[in-house]
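What follows is one structure encoded as structure tokens, with my remarks underneath.
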């Protein structure tokens, strides 16, 4: 349990931690993104989905409440899947809350980000 409590992938004193809630896991997410892209050649049909990684930890800065989900509390992900049959995730983005003073809070903007 001490390993999980003390594991860090980033510097706590980095000034970007104040603006990017996912900064501590950003490098891990980027490695996963690259591995997922290289591991599968997508078909012509792609689908978008959202998922919830269950988490009740009060230390999770990206934790959200979604009444309609079976897991009410957790980290929300937007995913680009290759097909409904395999459910292989090609790309995903971690939802870090609403962005202030921007217009890209709409789900269509998240879809555009996943395609880029």
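Would you check if residue 75 is free of Cβ contacts under 8 Å to residues at least 40 places away in the same chain and either in a helix (DSSP H, G or I) or in contact with a helix residue (DSSP H, G or I) (Cβ under 9 Å, 6 or more places away or on another chain) (or both)?
Against the criterion (free of Cβ contacts under 8 Å to residues at least 40 places away in the same chain and either in a helix (DSSP H, G or I) or in contact with a helix residue (DSSP H, G or I) (Cβ under 9 Å, 6 or more places away or on another chain) (or both)), residue 75 does not qualify.
Taking the residues in the stretch 38-62 that are touching a strand residue (DSSP E or B) at 6+ places or on another chain (Cβ under 6 Å) and closer than 27 Å to residue 5 by Cα as candidates, determine which candidate is surrounded by the most Cβ atoms within 10 Å (Cβ to Cβ).
52
Could you grab me the full set of residues in the stretch 56-69 that are assigned to a loop (DSSP other than H, G, I, E, B) and more than 17 Å from residue 93 (Cβ to Cβ)?
56, 57, 58, 59, 67, 68, 69
Out of (1) in a helix (DSSP H, G or I); (2) within 15 Å of the chain's Cα centre (by Cα); (3) modelled with pLDDT of 80 or more, what's the single condition that is false for residue 37?
Tallying (1) in a helix (DSSP H, G or I); (2) within 15 Å of the chain's Cα centre (by Cα); (3) modelled with pLDDT of 80 or more, residue 37 fails exactly one: (2).
List every residue pair whose Cβ atoms lie under 7 Å apart, where the two residues are 6 or more positions apart in sequence or sit on different chains, the first residue falls within the stretch 31-42 and is in contact (Cβ under 8 Å) with a residue 40 or more places away in the chain, and the second residue, located anywhere, is surrounded by 12 or more Cβ atoms within 10 Å (Cβ to Cβ) and part of a loop (DSSP other than H, G, I, E, B).
Listed pairs, sorted by first residue: 40/82; 40/88; 42/82.
Which of (1) over 15 Å from residue 75 (Cα atoms); (2) touching a residue at least 24 places away in the same chain (Cβ under 8 Å) is the odd one out, the single condition residue 13 does not satisfy?
(2)
Which condition from (1) under 23 Å from residue 30 (Cβ atoms); (2) modelled with pLDDT of 75 or more; (3) surrounded by 14 or more Cβ atoms within 10 Å (Cβ to Cβ) is the one that residue 114 breaks?
Answer for residue 114: the failing condition is (2).
The values are calculated or read from the model by the stated rules, or taken from the named source; none is laboratory data. Model, not experiment: these values are computed from the prediction. Using ideal geometry, Cβ is built from the backbone for each residue, glycine included, and neighbour counts are taken over all protein chains shown.
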